[in-house]
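First comes the structure, then the notes that go with it.
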Amino acid sequence: MNIFLTGATGLVGGELLVTLSKRQEVDKIYCLLRSQTHAEALTRLEGVFSLHDDAFDSTRIIPVLGNLFDDNLTDSLINEGLNDVDVIVHSAANTSFSRVNDDLVEKANIGGLTKILLWAKQLPHLKTFLYIGTATICGKDVKDRVVHEDESPNLEATHLVKYTYTKMKGELLIREHLPEEKILIARPSIIMGDSRNIVPRSPVILWAMATINHLRLIPVNEYAQLDIIPVDYAANAIVELLFAPHRHYHVYHISSGEAGATTANKLSKTLSAYFDEMPPFNFISKSLLNQVKHWAKNKLQPDSELYSYREYLDYWKDTFQDKSKLRVLFAGLDPYLDFMELGHVFDNSRLLEDVNIPNSIPADIYINNSMKFVEKMDILEGAIDP
Ligand SMILES: NC(=O)c1ccc[n+]([C@@H]2O[C@H](COP(=O)([O-])OP(=O)(O)OC[C@H]3O[C@@H](n4cnc5c(N)ncnc54)[C@H](OP(=O)(O)O)[C@@H]3O)[C@@H](O)[C@H]2O)c1
């Protein structure tokens, strides 16, 4: 099997690359990289393997230079002569939640995907187009319940961020371009850290947990269910799905399901046990977030409810000194709090039915292995590029 993989330098794509490279069924893995030179691309790929001391074989892992933003990406892929590709794994995406990146998100996740699909359509031996989607395409109208695969894509759904909208549109695009038998859609839930005791491939969602750990007074429903999985589980599940002898569906959640779900309350207990000298966690209503933001701008009305948490406001003053830091942190955290409040759990019974894989370990347990990395994290740096 020859695979063409996009997003190999990312959190999910990197773990997929290493996991796929260990499978005997896989001959070559072509990786799309937006590097300037072949040598630079090779160095980046080597880095994906060296992070956890995995073996890199340059005869099997082959860089292909290209950017989802290139107008001529389809033609340049055709000209590469990659006609032996029989599986495409499309993991590249712009995953930013920030409004300032909306245009880039659309350009990468819809425009870029279209270019890959136009190339995929003319491949002589394409068997499977595996799209790494996201379970959060269900949108924000669904709340506090188990969500099933066949509820999406739904054009009526409303979205917290452009990113989930573009991922929803992406699924529709794939169906326009390719016959159903070639489509496999894996929709991970929220991917945070790694369940192994190794340096995480990306700080992205761990950053939100590290920030919550520092803040301690958190405007979010602590009992809302959170469907979080580690990247090693996600990659194993997706690769097992690709090689599953019998797939009964074209779309699968890659998720914790009810059995492996967690809550902010449970995560806070794990954090409290490790960071035992910090103030206790206090979860307050999400409606107080605006008061927090006003306080950080010195504009909070004197009779505001937030003043009843004065010991936390004093703690913030002592810890951060400069209130602008708090403004930056809460601006970065804002979309994460919105997602946390939704209470989504993504049903994983399709995955467990068709793939020989256990439930994921709950995040409040596996995250114990990442505490020393959480401790070292520069949360302000992460907030600037959430
Ligand atoms: N992380 C999660 O919690 C999560 C949850 C559900 C679903 N997903 C899905 O999983 C997939 C991968 O996400 P991730 O977390 O691995 O994201 P990530 O860490 O941000 O990685 C994104 C990857 O896409 C590549 N990329 C971005 N823009 C590109 C462009 N214009 N041209 C070529 N390559 C480009 C990046 O390359 P560079 O290294 O060059 O930037 C990187 O390899 C996405 O489709 C996402 O929707 C992620």
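Residue by residue, here is whether (1) under 23 Å from S285 (Cα atoms); (2) part of a helix (DSSP H, G or I); (3) more than 14 Å from the ligand (Cβ to nearest atom) holds:
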{"position": "E181", "(1), (2), (3)": "no, yes, yes"}
{"position": "I185", "(1), (2), (3)": "no, no, no"}
{"position": "S195", "(1), (2), (3)": "no, no, yes"}
{"position": "P200", "(1), (2), (3)": "no, no, no"}
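Of the strands (runs of 3 or more DSSP E) entirely within region 1-78, those holding at least 1 residues that are over 16 Å from W119 (Cβ atoms) occupy 28-33, 61-65. Pairs linking a residue in region 90-101 that is polar (S, T, N, Q) to a residue that is more than 6 Å from the ligand (Cβ to nearest atom) and in a helix (DSSP H, G or I), with Cβ atoms under 7 Å and 6 or more positions apart or on different chains, are S91/L16; N94/N101; N94/L104; N94/V105; N94/N109; T95/Y163; S96/V105; S96/Y163.
Looking only at residues that are surrounded by fewer than 17 Cβ atoms within 10 Å (Cβ to Cβ) and modelled with pLDDT under 95 in region 81-110, which one is farthest from the ligand (Cβ to nearest atom)? In this case the residue turns out to be G81.
Could you please find all residues in region 111-133 being within 16 Å of the ligand (Cβ to nearest atom) and either polar (S, T, N, Q) or assigned to a loop (DSSP other than H, G, I, E, B) (or both)? Hits for region 111-133 are T114, G133.
Screening region 268-311 for residues that are of a type in the set (F, W, Y) and within 19 Å of L380 (Cβ to Cβ) and picking the one that is nearest to the chain's Cα centre (by Cα) gives F275. Among residues of region 230-253 that are more than 18 Å from E15 (Cβ to Cβ), those with a beta-carbon under 7 Å from a residue that is within 12 Å of the ligand (Cβ to nearest atom) at least six positions away or on a different chain give the pairs H250/I185; V251/I185; V251/R187.
So that you can scan it fast, the table gives a plain yes or no per residue for (1) closer than 25 Å to I183 by Cβ; (2) in contact with a strand residue (DSSP E or B) (Cβ under 7 Å, 6 or more places away or on another chain):
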residue	(1), (2)
V12	yes, yes
D27	yes, yes
Y30	yes, yes
G47	no, no
F56	no, no
D70	yes, no
S76	yes, no
E80	yes, yes
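Please go through region 248-261 and pick out each residue that is of a type in the set (S, T, Y) and surrounded by fewer than 21 Cβ atoms within 10 Å (Cβ to Cβ). Step through it out loud before you land on a result.
Filtering region 248-261 for residues of a type in the set (S, T, Y) gives 249, 252, 255-256.
Selection gives Y249 alone.
The values are calculated or read from the model by the stated rules, or taken from the named source; none is laboratory data. Remember, predicted model here, so these are calculated numbers, not experimental data. Here the Cβ is made from the backbone with ideal geometry for all residues, glycine too, and neighbour counts use every protein chain on show.
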